[in-house]
Amino acid sequence: MVGYYKINKKDIDILPKNSINVEEHLYDLVCPLVVSEKSDVLDELLLLYDMLDIPVVSAKDYSLNNVYSCDEYKIRQVQEFLKMNESIEMLEEGCLGHLLRVGKYAYELARELRLSDGECRDIYMAAILHDTGKYLIPDDIVSKKERLSGVEYRIMKKHTDYAWDILHNFLDDDVLDTVMSHHERVDGSGYPSGKSPELGARILGIADSFDAMISDRVYKKGKSVREALNELEKCSCLKIMEVT
């Protein structure tokens with residue numbers, strides 16, 4: 001299959017006719033990504049393809065012989081998981097983009113902390129799949145715009161455990177633990193285990209919280225970046241005081 005992002009008709013006409021599959025969707029991950037100009041592609045999408053070692057090529061350089069060098073099974077699995085998360089985002093957020101934003105924030109935080117390339121990529125993978133477990137939560141709970149009841153909240157919290165059910169045969173243990181632990185807190189107040197999370201899960205938790213705070217919702221207007229950063233700093237100071 002061939003994916004296109006902002007590619008014009010002239011570029012499409014030179015491609016093999018039996019391989020054309022024009023998709024406008026941001027999360028339609030296929031092998032390879034064929035583009036008019038690499039500069040036209042969102043940085044977040046390029047990061048995703050780079051992280052998975054999937055070729056990004058221009059239409060004039062495209063050929064079936066030189067781009068199928070990556071693991072097609074892995075790509076198709078990621079595509080399936082992203083489609084799950086797409087449906088979750090539409091139910092919960094009403095729009096798309098949360099996963100890619102959280103992925104970018106988490107990746108940049110990991111780089112700022114001078115983690116290895118492999119650790120940065122693992123955190124990015126965990127970030128774009130961190131809500132996968134919500135696929136097994138009832139739609140009426142995921143899409144609810146009002147405050148969840150106590151029972152509903154207990155059901156929602158199970159999404160971290162459900163992530164294991166869906167992803168354990170695909171992700172490495174460290175990445176899976178980051179996915180499952182992004183709601184854990186250093187003082188033990190988080191879930192599902194009430195344990196202090198490893199660094200990757202802490203980074204992901206910060207990135208996820210930051211995006212949630214600055215994003216508009218049906219029931220609230222997003223905070224400014226400065227307000228969100230102040231809130232994160234306030235929370236981190238309180239937690240440090242509580243555990244020292």
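The values are calculated or read from the model by the stated rules, or taken from the named source; none is laboratory data. Source: prediction; values computed, not measured. Every residue, glycine as well, gets a Cβ built from its backbone with ideal geometry; the counts of neighbours run over all protein chains shown. Areas reflect the complete protein model, heavy atoms only, side chains present, ligands, DNA and RNA absent. Shrake-Rupley method; radii C 1.70, N 1.55, O 1.52, S 1.80 Å.
Numbers below:
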| item | result |
| --- | --- |
| Boolean, V151 is over 22 Å from G103 (Cβ atoms), outside any loop (DSSP other than H, G, I, E, B) and out of contact with any Gly (no Cβ under 9 Å at 6 or more places or on another chain) | yes |
| Extreme residue, most open to solvent (accessible area, probe 1.4 Å), among residues of the range 120-144 that are more than 20 Å from I54 (Cβ to Cβ), acidic (D, E) and in contact (Cβ under 8 Å) with a residue 12 or more places away in the chain | D139 |
| Top-ranked residue of the range 160-174 - restricted to ones that are exposed (fewer than 14 other Cβ atoms within 10 Å of the Cβ) and not charged (D, E, K, R), ranked as nearest to L204 (Cα to Cα) | H168 |
| Top-ranked residue of the range 185-244 - restricted to ones that are open to solvent by less than 50 Å² (accessible area, probe 1.4 Å), of a type in the set (D, E, K, R) and closer than 24 Å to R121 by Cα, ranked as modelled with the lowest pLDDT | D211 |
| Total residues in the range 176-198, condition touching a Leu at 6+ places or on another chain (Cβ under 7 Å) and assigned to a loop (DSSP other than H, G, I, E, B) | 1 |
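Conditions tested, residue by residue: (1) surrounded by 14 or more Cβ atoms within 10 Å (Cβ to Cβ); (2) modelled with pLDDT of 70 or more; (3) basic (K, R); (4) under 11 Å from the mean Cα position of the chain (by Cα).
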site: Q77; (1), (2), (3), (4): yes, yes, no, no
site: K83; (1), (2), (3), (4): yes, yes, yes, no
site: E89; (1), (2), (3), (4): yes, yes, no, yes
site: L99; (1), (2), (3), (4): yes, yes, no, yes
